[in-house]
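K.L.:
Here it is, the structure in full.
The values are calculated or read from the model by the stated rules, or taken from the named source; none is laboratory data. This one's a predicted model, so the numbers in the text were calculated from it and none came from an experiment. Quick reminder, even Gly has a Cβ in these numbers, built from the backbone with ideal geometry, and neighbours come from all protein chains shown.
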Amino acid sequence: MAELSEQQEQDQSETNRIRRSRSGFWFGVIILLIIIGLAGAGFYFFTLLRNQQEGLGGEVKGQMSKQIADYQSQLAAIQTQLATVESTIAGKDSHYTKMLADYSQLHNEKLEGTRKQLSEAIGQVQRQLGKTRGDWLIADAEYLLSVANERLHLIGDVNTTREALEAADQRLRESGDAGVFKVREAIANEIADIKSVVVVDVVGTYAAIQSLQNNVDDLVLLLPFTGKALVPPAETPEPVVQDSTDEEGVIDSALDQLEGIVTIRHTEHEVKEILTPEEAQFILSQLGVKLEMVKIALVQHNETLFQSSLADAKKWAEENFTQNTAFSKFIAEIDKLNALKIHSQFPDISGSLKMLRDITKLRLESDKATQTTEPVAPVIPKQPAETMAPIEAVPATQ
């Protein structure tokens, strides 16, 4: 029994060993299948990953190619802009170079002009310093001639003009220059023309107009006006008492008493209104103003204004004042003034000034005339010794 139990145990243990070996085999097979499945799955995923990587690489390459193309286009645009900037810079550079050249040329021209003016000024100063007394006298004569022309044509001062011409002639005579002979001849003719000019007595004419202004109050207004001062009545003898029945004597006595109070004035003009004292004063003042305009025209030597102002004053007097003795004297004085010529026709005295300003030409002409007319020394024939008179010594005067 014991051996049977041991054999059974051995059989059972062997059976258990066989079972264990079979379970291990199948476990190994399962493990192997699992490993093979895992390997296949890994290969599949690897292949899938590889395919994905290849697709991703294509996309990356496409994107990179697109980005590279964009970068190339941007680079081309940048190069174009750089070319434009370079051309602009080159144009501005040429423009600034041209401006600098122009400014340099202008500066050189101004510098040359300034140098020329300075040289002329220095030459003029040297000429001024090198002038002789005769040159200064000629320059002074030229100034006097210009003053004479200005005083005559701008102011009408005949006396000052004549004195300036005479002074200029005196300067030319003292200069001793042979070229001023023609200028002195022209000055002599101009002095003669100036002496023939009739000079208006401005002071006397002004005094006559002032006298007319003072006599304005003596004129009688044509129209009556209120507020006129009464004429003091003349002393009349006391009336003789007559019979009351004599009516003619009473009327005569009343008329004699009223004769010194009431003045009856006959006029040919129709009295349309009675002036106020202000209007009467305005008429008198207006006549004085018109005469004042005549004085202003006289001082200014304005012939047109002088004549028109006199005509205006005469017309105003004829329209507003009574024609009596004072009025006739007033109109006669206006007509006398109207006959005056306050602005004479002055002669042209600019010829001598023009000739003197061209003194160099006159000097050349004088030198040529001197050379052509220079007398030749006559040849004195020799006389025999016996016919020659002895020369006596002239005693020295003390």
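K.L.:
How many of the residues in the stretch 297-307 are surrounded by 14 or more Cβ atoms within 10 Å (Cβ to Cβ), within 34 Å of the chain's Cα centre (by Cα) and either modelled with pLDDT of 85 or more or under 19 Å from Asn214 (Cβ atoms) (or both)?
P.N.:
Adding up the residues that qualify gives 4.
K.L.:
Pick out the one residue from Gln7, Gln63 that is modelled with pLDDT of 75 or more, out of contact with any Lys or Arg (no Cβ under 6 Å at 6 or more places or on another chain), among the polar types (S, T, N, Q) and surrounded by 10 or more Cβ atoms within 10 Å (Cβ to Cβ).
P.N.:
One residue alone meets the criteria, Gln63.
K.L.:
Within the stretch 184-207, track down each residue that is of a type in the set (Val, Ile, Thr) and not in a helix (DSSP H, G or I).
P.N.:
The answer is Val197, Val198, Val199, Val200.
K.L.:
Looking for something at pLDDT below 80, assigned to a helix (DSSP H, G or I) and either within 30 Å of Ile283 (Cβ to Cβ) or of a type in the set (A, V, I, L, M) (or both) - is there at least one such residue anywhere in the stretch 320-340?
P.N.:
no
K.L.:
Kindly establish whether Glu185 is free of Cβ contacts under 8 Å to residues at least 12 places away in the same chain and closer than 20 Å to Lys354 by Cβ.
P.N.:
Criteria met by Glu185.
K.L.:
With Lys315, Lys290 as the choices, which residue is basic (Lys, Arg), surrounded by fewer than 13 Cβ atoms within 10 Å (Cβ to Cβ) and either assigned by TED's automatic domain parsing to the domain that holds Ala186 or at pLDDT 85 or above (or both)?
P.N.:
So the residue among Lys315, Lys290 that is basic (Lys, Arg), surrounded by fewer than 13 Cβ atoms within 10 Å (Cβ to Cβ) and either assigned by TED's automatic domain parsing to the domain that holds Ala186 or at pLDDT 85 or above (or both) is Lys315.
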